[in-house]
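These notes are about the structure you will find just below.
The values are calculated or read from the model by the stated rules, or taken from the named source; none is laboratory data. None of the values given here were measured: they were computed from a predicted structure. Glycine also receives a Cβ, built like all others from the backbone with ideal geometry; neighbour counts cover every protein chain displayed. Areas reflect the complete protein model, heavy atoms only, side chains present, ligands, DNA and RNA absent. Shrake-Rupley method; radii C 1.70, N 1.55, O 1.52, S 1.80 Å.
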Amino acid sequence: MTSLEDLPIRDDLRGRTPYGAPQQAVPVALNVNENTHPIPEAVAHDIVARVAAAIMTLNRYPDREFTALRRSLADYLGHGLDPDQIWAANGSNEVLQHIMQAYGGPGRSVLGFAPTYSMYGLLASGTGTEWITAGRDDDFELSPETAVAAVREHDPDIVLLCAPNNPTGTPLSIETIEAVSDAARGIVVVDEAYFEFADPGTPSALTLLEGRPRLLVSRTMSKAFAFAGARVGYLAADPAAIDALRLVRLPYHLSALTQAAALGALAHSGEMLAMVDEIRGQRERISDELARLGFTPYCSGSNFVLFGGVDDPHAVFEQLLARGILIREIGIPGHLRVTAGTEAETTAFLEAIAVSAPNRIAS
């Protein structure tokens with residue numbers, strides 16, 4: 001049987017593995033940071049009606065510029081944004097891929113701060129962009145001084161800031177974002193995929209856009225909007241920065257059905273985001289209980305909690321899986337990550353981890 005190594009793939013892709021978390025049918029799946037709350041029924045009916053209407057026009061190509069969707073996203077984000085400052089694609093990963101294709105490529109580099117979202121490195125390699133990582137401060141924090149020092153050392157063409165950071169959940173201060181934006185000569189991307197879960201009053205990088213044409217702020221509907229299956233990501237930036245993304249996008253890259261579904265969800269943004277406060281509450285409940293059990297949960301501004309102090313992460317992972325609970329091994333020694341789900345899901349996780357805690361806490 002032919003193997004991948006027998007095929008003439010690019011040399012720089014040999015030996016690599018695709019991105020992906022375990023996909024297993026379990027009663028409690030808390031491993032990929034989904035919003036585990038279902039879409040409200042009334043909202044779902046409206047989305048279905050919009051998609052049904054769009055089906056009647058599937059013989060035609062969709063609006064290539066997704067005009068109505070950009071207008072709706074601008075209204076949702078606020079901050080005085082206009083539709084020509086908005087871009088969207090099939091999930092924020094495709095948005096980031098467009099950025100890499102337009103501003104990265106052979107002979108160019110992108111800087112991130114490890115540990116961070118593992119897809120960044122894969123997007124870099126897929127576009128022939130050199131992937132550079134710099135370290136963080138204690139407890140996975142990233143100060144302005146540490147970030148700017150790395151930017152000056154490596155002089156990258158693109159800087160990727162994850163705010164809050166995945167997989168650690170660490171909030172990123174607006175001061176760090178501003179300092180990096182002022183220090184970098186190239187594009188600075190702030191990935192705010194989990195921003196809606198940040199503590200109320202947390203400033204967004206959107207507040208820094210004016211006068212900074214090389215600053216791009218990425219968001220997604222996958223998390224807070226409970227829309228992971230629809231695959232809708234978007235960003236806000238200077239119109240000129242977005243024009244560059246048109247050079248690399250595929251024709252009609254957002255289907256009519258995707259656009260219709262996203263418009264339906266945005267029309268009910270208040271209802272769609274109503275569960276965010278509850279998720280924050282479950283996040284804090286997880287952190288408090290893990291600390292009580294003797295683990296080390298880290299400060300999180302997202303919908304998940306990273307916790308350390310685990311002597312054998314894989315053993316704990318398997319023990320929880322045997323009880324029908326799937327969390328995430330993220331490759332940081334002594335650490336695991338769990339999504340804040342519904343109250344019932346959180347209870348199931350906490351009861352199961354309490355059973356393993358006595359024998360699984362690192363001394």
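For E145, the requirement of being acidic (D, E), over 11 Å from G104 (Cα atoms), at pLDDT 95 or above and over 21 Å from the mean Cα position of the chain (by Cα) is met.
Restricting the range 19-50 to residues that are assigned to a loop (DSSP other than H, G, I, E, B) and without any contact (Cβ under 8 Å) to a residue 12 or more places away in the chain, the residue that is farthest from Y117 (Cα to Cα) is A25. For R136, indicate whether it is under 15 Å from I177 (Cα atoms), part of a helix (DSSP H, G or I) and in contact (Cβ under 8 Å) with a residue 12 or more places away in the chain. No; evaluated as a whole, the condition is false for this residue.
If you check A124 against the conditions, is it part of a strand (DSSP E or B) and surrounded by 21 or more Cβ atoms within 10 Å (Cβ to Cβ)? No. The condition of being free of Cβ contacts under 8 Å to residues at least 40 places away in the same chain, open to solvent by less than 50 Å² (accessible area, probe 1.4 Å) and among the polar types (S, T, N, Q) holds for only one of T342, T347, that being T347. Taking the range 312-333 as the search range and keeping residues that are closer than 16 Å to P297 by Cβ and open to solvent by 10 Å² or more (accessible area, probe 1.4 Å), which one is farthest from the chain's Cα centre (by Cα)? Checking each candidate, the answer is P313. Scanning the range 290-311 for residues that are in a helix (DSSP H, G or I) and without any contact (Cβ under 8 Å) to a residue 24 or more places away in the chain, we see that the one that is farthest from the chain's Cα centre (by Cα) is R292. If you take the residues of the range 127-144 that are over 15 Å from A184 (Cβ atoms) and among the hydrophobic types (A, V, I, L, M, F, W, C), which of them is most open to solvent (accessible area, probe 1.4 Å)? In this case the residue turns out to be W131. Every listed requirement among (1) in contact with a Pro (Cβ under 6 Å, 6 or more places away or on another chain); (2) open to solvent by 20 Å² or more (accessible area, probe 1.4 Å); (3) modelled with pLDDT of 95 or more is met by L336 save one, (2). Between a residue in the range 273-288 that is of a type in the set (S, T, N, Q) and any residue that is open to solvent by less than 40 Å² (accessible area, probe 1.4 Å) and assigned to a helix (DSSP H, G or I), which pairs come within a Cβ distance under 6 Å, given they are 6 or more apart or on different chains? Pairs found: Q282/T346. Among residues of the range 51-73 being among the β-branched types (V, I, T) and in contact (Cβ under 8 Å) with a residue 40 or more places away in the chain, the one that is nearest to V95 (Cα to Cα) is V51.
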